[in-house]
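Have a look at the structure below, then the notes.
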Amino acid sequence: MAIYVDADACPVKSEVERVGTRHKLKIFIVSNGGIRPSVNPLVETVIVAAGADEADKWIAERAGQGDIVVTGDIPLAAKCVEAGAQVLKHNGEPLSAENIGNVLATRDLMADLRAADPFRQGGGRSFSKADRSRFLDALERAVRRAAR
């Protein structure tokens, strides 16, 4: 069992390290660079080649049954769910075989709406303390599920 973190723009890296260390799990922090490496021996910082989706490809090739993936990237999440990994968004929302289809469809719809209206502004809400707390709780539950 390992935890894979899609680290580009990930607000919960330190939380992953804290929970993973408590459970003595290998943690892979994967990015295109610009991430300060951890001194924790359980944490491996993986710097992939520059380019679109290189970190996603690296994670998707390795994550599988019994692993946990932390990402906000919905296509990556779909690949990891298909491979049998548990997937959590940064706010603690689990992505699973039961909901990934709807989440992908919503993502695609929103991309189409943004493409149709170039003046459409973001509208996403900021990451909150409650999101961080929900993530910690969800990650702890995911680790316990994976250990069974």
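We did not get these values from a lab; they are worked out from the coordinates using the rules stated. Please read all numbers here as calculations on a predicted model, not as lab measurements. For neighbour counting, all protein chains shown are included, and Cβ atoms are generated from backbone atoms with ideal geometry for every residue, glycine included.
For Phe28, the amide hydrogen comes within under 5 Å of the amide hydrogens of Ile3, Tyr4, Val5, Glu44, counting only partners 5 or more places away or on other chains and with H modelled in the peptide plane.
In the chain, if the dipole is taken from +1 on Lys/Arg beta carbons and -1 on Asp/Glu beta carbons about the Cα centre, which of Ala78, Gly20, Gly92 is farthest to the positive end? So the residue we want is Gly20. For the stretch 2-147, a crude dipole built from +1 on the beta carbon of Lys and Arg and -1 on the beta carbon of Asp and Glu, taken about the Cα centre, is about 620 debye to the nearest 20.
The equivalent ellipsoid that matches the C-alpha gyration tensor of the chain spans semi-axes of 25, 17, 16 angstrom, in descending order.
Peptide packing: for 19-25, 2-8, the average count of neighbouring Cβ atoms within 10 Å per residue gives the ranking 2-8, 19-25, highest mean first.
Just for the stretch 1-126, what percent of DSSP beta bridges are antiparallel, to the closest 5? The partial results should precede the final answer.
Numbers: 2 of 18 bridges.
Here the share of antiparallel DSSP bridges comes out near 10 percent.
Among the lysines of the chain, pairs that are 8 or more positions apart or on different chains and have alpha carbons within less than 17 Å of each other number 7.
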